[in-house]
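J.: The structure is given below, and queries will be raised subsequently.
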Amino acid sequence: MNVKFKRNLLAGLCIPALTIAMTASAYATDAKTNAHATGTSTGAMGSSDAMKSTRDMRASKLIGSEVKNAQGENLGEIKDLVIDVKHGRVHYAILSFGGFLGMGDKLFAFPVGLFHQAADGDKVILNADKSQLKAAPGFEAQYYPDWNAPKYKADVDRHFGPKFALKSMPNQQLRRASELMDKDVNDRNGKDVGEIEDLVVNLGEGSVHYALLEFDQSWNLKDKLLAFPLSAFTFTGKDKSLVLNVDRSKLDTKRAFDKKNWPDINDPKYVGDVDRYLIVVVPASSMKTAQSADKAKK
């Protein structure tokens, strides 16, 4: 093997390894940041517990799940998540306390930095004392606030303090996760593609990892789901219709799975495989074209 070929081979092997190492480093940094914000020491936490605290979860499973406090008391349940669809971030979980502490039937938005997952990875713990809960700004269930207007969001961020408030991003667009799930998706020509079946989120990182799209029958992928980053979609018109900005010819449909037979979304091999696909599924040129079209419509 000549020296030049050997050098090129080593470089080709190192780039994927470096990418994975950088991703793992970023995840670890996010986990430390969230642990610091919630007062949990990652130094005292075993590596397996640290990984469990940043497990991916399906939004459909989170919504309706019970929430406990650090003492194991049942507080209520998650009614919804508020996400930034432009930047793939989870800002708040919407909770109903069902009369706990005399809080009535109101709903309350809590920053995701206040939550962590229990040791089994399936339960959610809210790290807030009772005085914080009782004084939190709430709203009536039939009058959901406009998340993109400053009033209620500012009240929530002020109440819980700046270390839990996510910094506003350019052109951010906050929407409820429940509004996206089962929402129809069209292609750029207005033809039906399918609908969003679910969102995979990570509360520890405050991120929307990806969306799962169920395709229309004409795509010959009946009951199959395929992952897409939120950046693959644009939201157009007054009703914020979803448009998939990925050419059909670019889809790797072999990666689709049966919606009745989900893979382990936290299996390292699956996560690595999905992450590599998410990076390449939306070419930069396609995104620039979509963003330009989006700006023109505005």
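All of the numbers you see were taken from the coordinates with simple rules; none came from a lab. Quick caveat: nothing in here was measured; it's all calculated off a predicted structure. Note that each Cβ is placed from the backbone with ideal geometry, even for glycine, and that neighbours are counted across all protein chains shown.
J.: Between residue 207 and residues 5 or more places away or on another chain, which pairs have amide H atoms under 5 Å apart, with H built 1.01 Å from N, and which residues are they?
T.: Amide H neighbours of residue 207, under 5 Å, 5+ apart: 90, 202.
J.: Here is a follow-up. What distance in nm separates the simple spin-label points at residue 158 and residue 129, each placed 7 Å from Cα in the Cβ direction?
T.: For residue 158 paired with residue 129, the spin-label model returns 2.2 nm.
J.: Which of the residue pairs 61/259; 68/134; 183/254; 106/240; 153/240; 222/260 have a Cα-Cα distance greater than 18 Å in the structure shown?
T.: Beyond 18 Å: 183/254; 106/240; 153/240.
J.: Here's a follow-up. Rounded to the nearest 0.05, what FRET efficiency do residue 149 and residue 220 give with R0 = 45 Å and r taken as the Cβ-Cβ distance? Could you check?
T.: 0.55
J.: Please compute the length gained on full extension between residue 191 and residue 106, using 0.36 nm multiplied by the number of residues separating them and subtracting their Cα-Cα distance.
T.: This chain segment gains 26.6 nm when fully extended.
J.: Report the label-to-label distance for residue 258 and residue 236 in nanometres (one decimal), using points 7 Å from each Cα along the Cα→Cβ vector.
T.: 3.6
J.: Moving to a separate point now. According to the square roots a ≥ b ≥ c of the eigenvalues of the Cα gyration tensor, what is the shape class of the stretch 81-226, taking rounded for a/c under 1.5, prolate for a/b larger than b/c otherwise, and oblate for the remainder?
T.: It is prolate, given that a/c is not under 1.5 and a/b is the larger ratio.
J.: Using 0.36 nm per residue of separation minus the Cα-Cα distance, give me the extension gain between residue 248 and residue 178 in nm, one decimal.
T.: 22.6 nm
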